[in-house]
Amino acid sequence: MAKDHQNIDNFFKDALSNYTEEQASRSVWKGISEKLFVHDLIHLNWLNIPYFVPAVLAVIVGLIAILMITSEPETVMVGAEEVAGTEEVAVAAAVAVEEEGGKEVAVAGTEEVAVAAAVTDDSRQSAVSSPQSTVVIPQSVVSNQQSTTNNQQSTISSRDLSVEKSNKIVDNKNIQQSITQERQKAYNPIVLSEKSKLNSSTNVLFSPISYITFSEFNTSRNTYLQKLSLLPNADITGVRTTKKSFNYYTKDQYSVGIHYTPEKMYNSPDDQPDKNIYSFDFSLIYNMNKYIFQTGIGYTYFENDHNYQVNYNDFLGTYEDLASISFTFDTVTGTPNPIYTWTSTDVYDTTDQSLNSKVTNYYSSLQVPLLLGYKLYEKKRFSLFLKGGPLVSFLIYKNEPGATYYSPDRKVTSIDYATPSRTKINWQFQGSIGVGYQFTQRLSLAVEPTIKYYFNEVYGRNKSADTRPYLFGIRTGIIYTIK
Amino acid sequence: MTSETSEIKIIEDCISGKRRAQSKLYKKYANTLLGICLRYSRNKSEAEDVLQEGFIKIFINIKNFRKEGSFEGWMKRIMVNTALLNSRDNLKHYFHADIDSLEENLQVKSEFEINDNYSAKELMNLVQNLPDGYRMVFNLYVFDDYTHKEIAQMLGVSEGTSKSQLARARKFLQNKIFELKQKKIDIIS
């Protein structure tokens, strides 16, 4: 009976132990990959993805850009009682004409006000003044020809207004008083905000019969200036507000920036797997027309897994070896007593065996770039630029823990330790093509796909192959313009 | 690159979550592991469900694999455990429901004799047609070398139950082989 049992067991075991006569249908792998995909999504540690942060920033910038472009006000023509512009209220001003016949036009407001105007309902007076300045409208802006040929409306471009300090035309104190009075009388104060002042230009639209122009010789400039005077019945037909484009890099700008750059190293030495590298840097940027000069300091952190091989012989056992025999003599019985001294000897297999494992090394370095850039394209808030130049890297910290293994019963014969030391100073070339987006006049975002190429090997070990790694990364950061 | 090195590379890539490596590993071992799943299941459809669930566990837990033992052995253990878990809800019924109805099959009709006239597929069908409880114990004891004590712990039954289930499984298979033999003789004659 027992034999039967054994026979049955072995019979089935022999026949079915390695049974591979049936193949799994394709739907099995499909189901596996689908479930793994869902599992990966659920368990993904998003913050560990090196490109996640820049990607999110890029999406945010894109959304903001779309919102701003779609919400940007087009040229708006409004009637005399309507105001085109932004929602914010900052400065109010009135237009008035001096009693003497309205020879002067002054803009009321602070020193930075571009233009602001209002219509006085019944006043025969209007004044446009600045507390410290008098606004003079150059010849290019308003001309007699323009006012006569354009029967419907003429435009004063406030963007082109130039401010000339002059005490000869209007007395500041009188203007202030006039402004105060006219503000109280203002029928429809036109309101401009700090934002509209920076981001837009405002055109005040006059009726063709509301003003005349004349020339006056300016002694300080030694030239004639075309001036505008409003007639006593001056009437403003509307205000047009248009967005003003930004200059991402304007002339002689100094900026500072903070950047984050996740990178991936390629073409690393054959026993070094491609690894992610993370950098933070603080940069100083000088813009001169279309040229960009950049330097700064950066901190880089990276890890490397290194394989090593421990060669060993297996422990087989121990034998006792008789090292010596000594005798003592028993004086009572008269017989010698032998004393054996044994030594224990371990026996190992002569066949070499090996154990493969790996260790993670940690490094930090400081990087100093010196980059020259050129602005290729600029429109509205966006700009496109190229940058390139040398970068020197100083290794400031390294943690190379070395091989760890546990083999109490083995005799380690050698360790092929493949962990090379990194060079302390390394020269690289850094090049990038970047896109800038201006949030405000001073604050902007830059996203730069970057490549770095090592001029010398990163590892100090002499290798037969001259391996020079290169890195791809996306440098993303915020730039603040100081001046 | 040796096959061992290649497998280590595939395992490391699977740990990194690379789908291509997972596909390679699947293709390499799917048929072998399906054989195990078939033994523990009633039919191929059920076996494929177990195979799918088992491979997902393998890929999720492959980072926990210690490269000290056999990788294939590790995967086989996962498949066996998955097969057991797959039918765990029904296990308690396995050991109570089918005894009476199977009494007639437990009378040994013939002495067992080794015969090579049976294909592996025919034998697999016999195993699959074992009552669920018998099949689990028979597989664990005969193919996967577990002891009755271990089987009892795994299935939540007593050692005695495990032994009796194994004995019944053997008798059942012996009779089924006899019937198969008779059927073949009838066909020939």
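Projection of the Cα convex hull of the range B:3-90, averaged over all directions and equal to a quarter of that hull's surface, yields 5.6 nm².
Please go through the residue pairs A:K13/B:K176; A:K358/B:K18; B:K9/B:K44 and name each one whose alpha carbons sit more than 28 Å apart in this structure.
From the list (A:K13/B:K176; A:K358/B:K18; B:K9/B:K44), the Cα-Cα distance tops 28 Å for B:K9/B:K44.
With +1 assigned to the C-beta of every Lys and Arg and -1 to the C-beta of every Asp and Glu, and no other charges, what is the dipole magnitude of the range B:3-90 about the Cα centre in debye, to the nearest 20? Display every interim value, and only then the final one.
Details: 17 positive and 11 negative charges, 33 e Å.
Value, rounded to 20: 160 debye.
Measuring r between the beta carbons of B:N81 and B:K27 and using R0 = 25 Å, the FRET efficiency lands at 0.65.
For A:K452, B:K76, B:K67, what's the largest-to-smallest order of accessible area, 1.4 Å probe?
Working: A:K452 10, B:K76 60, B:K67 120 Å².
Largest accessible area first, the list is B:K67, B:K76, A:K452.
Within a 10 angstrom radius of each residue's Cβ in A:24-34, how many Cβ atoms of other chains show up on average? Whole number is fine. Could you put the intermediate results ahead of the total?
Details: counts 13, 5, 0, 2, 9, 8, 1, 7, 12, 7, 2.
Going residue by residue through A:24-34 and averaging, the value is 6.
Heavy atoms only, 1.4 Å probe, whole protein assembly: order A:S364, A:S25 by accessible area, highest first.
From most exposed to least exposed: A:S25, A:S364.
For B:M154, the accessible surface of its heavy atoms amounts to roughly 70 Å² (probe 1.4 Å, protein chains only, rounded to the nearest 10). Computed with every protein chain present, the accessible area of B:R39 is close to 10 Å² [probe 1.4 Å]. Take every pair of alpha-carbon atoms less than 8 Å apart whose residues are at least six positions apart; their mean separation over the length of the range B:3-90 yields a relative contact order of 29 percent.
Which FRET efficiency value, to the nearest 0.05, do you get for A:S354 and A:I258 by plugging their Cβ-Cβ distance into 1/(1 + (r/R0)^6) with R0 = 51 Å?
It comes to 0.60.
Taking all protein chains as shown and a probe of 1.4 angstrom, B:K9 keeps an accessible surface of around 90 Å².
Heavy-atom accessible area buried between chains B and A is around 3500 Å² (1.4 Å probe, both sides summed).
How would A:Y254, B:Y134 line up by accessible area, probe 1.4 Å, largest first? Kindly include the intermediate steps, with their values, before the conclusion.
Details: A:Y254 100, B:Y134 0 Å².
Reading off the accessible areas and sorting them downward yields A:Y254, B:Y134.
The values are calculated or read from the model by the stated rules, or taken from the named source; none is laboratory data. Fair warning: this is a prediction, and the values are worked out from it, not measured in the lab. With ideal geometry, Cβ positions are generated from the backbone for all residues, glycine too; neighbour counts draw on all protein chains shown. The accessibility values were calculated without ligands, DNA or RNA, using every heavy atom of the protein model including side chains. Shrake-Rupley method; radii C 1.70, N 1.55, O 1.52, S 1.80 Å.
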